[in-house]
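The values are calculated or read from the model by the stated rules, or taken from the named source; none is laboratory data. The shown structure was predicted, so the numbers you read here are calculated from the model rather than taken from an experiment. Because the Cβ atoms are built from the backbone with ideal geometry, glycine has one as well, and the counts that use them run over all protein chains shown. SASA here: full protein model, heavy atoms, side chains in, ligands and nucleic acids out. Shrake-Rupley method; radii C 1.70, N 1.55, O 1.52, S 1.80 Å.
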Amino acid sequence: SQSTVVNVRTCLSAMMQMAWDHGYRDGNSVKGIRLKHPPSGPIVVATVPQFQRVYAALPHQPAKVFARLGVSTGSRYCELISFIPEDFDFGGCMLNVSKSTVEVTADFNPDGYRFLTRRYTKNGEHRRMKVDAEVGEMVREHVAVNGIGPGQLIFPVRLFAARTMAA
């Protein structure tokens, strides 16, 4: 299948790169090979009424801010969970997307943690984008209400942990 061909090419390229890195080869002859990927199926995007139904069912304000920011910016989940206040220019309604967080085993994290924040996005490209003023204000208010300081995650797990309903 096409996915097997892509996986084999990736593995072979990694082996050739390792051989080159250790001085066994003069280069990586597989690196320049580009494979054509068959077109994927259409991306299904929620309609406005569908999103509004989901949004209305979200259990608390942090989830609503997370959803609105994700939908309005198109940021990936791994980027959304990496945002800190410094990524936003609230006055200019701008957002810098320059890192992503991934789940790894402790063996693959220098600090031994379960998650690793990388100083690059999934595709390696940094982006700066305009954020809707209403969404920017939601995020700014979220940061203030939840006491999120400089360098702290805007969407920490503690804000999404199971909550008990007051009687």
Against the 2.2 N^0.38 Å rule of thumb, the C-alpha Rg of the chain sits at a ratio of 1.34
Percent relative contact order for the chain, counting Cα pairs under 8 Å at least six residues apart, stands at 20
Protection proxy (average C-beta count within 10 Å per residue), highest first, orders 7-13, 145-151 as 7-13, 145-151
Output for region 52-152: chymotrypsin sites (Phe, Trp or Tyr not before Pro) sitting in coil per DSSP, at most 14 other Cβ within 10 Å, listed by number, reads TYR113, TYR120
So the angle from the long Cα axis of helix 2-21 to the longest Cα principal axis of the chain, reported in degrees to the nearest 10, equals 70
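Could you rank THR121, THR4 by how accessible they are, 1.4 Å probe, largest area first?
Details: THR121 0, THR4 75 Å².
So, going from the largest accessible area down, we get THR4, THR121.
So if each residue of separation counts as 0.36 nm, and I subtract the Cα-Cα distance between ALA161 and ILE43, what length gain in nm does that give? Don't skip to the answer; put the middle values down first.
On the way: separation 118, 0.36 × 118 = 42.48 nm, distance 3.03 nm.
Length gained between ALA161 and ILE43: 39.5 nm.
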Quick calc, MET129 & ALA106: beta-carbon distance into FRET formula, R0 35 Å, rounding 0.05, result 0.55
If amide H atoms are modeled at 1.01 Å from N in the peptide plane, then the residues at a separation of 5 or more from PHE115, or on another chain, having amide H under 5 Å from its own are VAL104
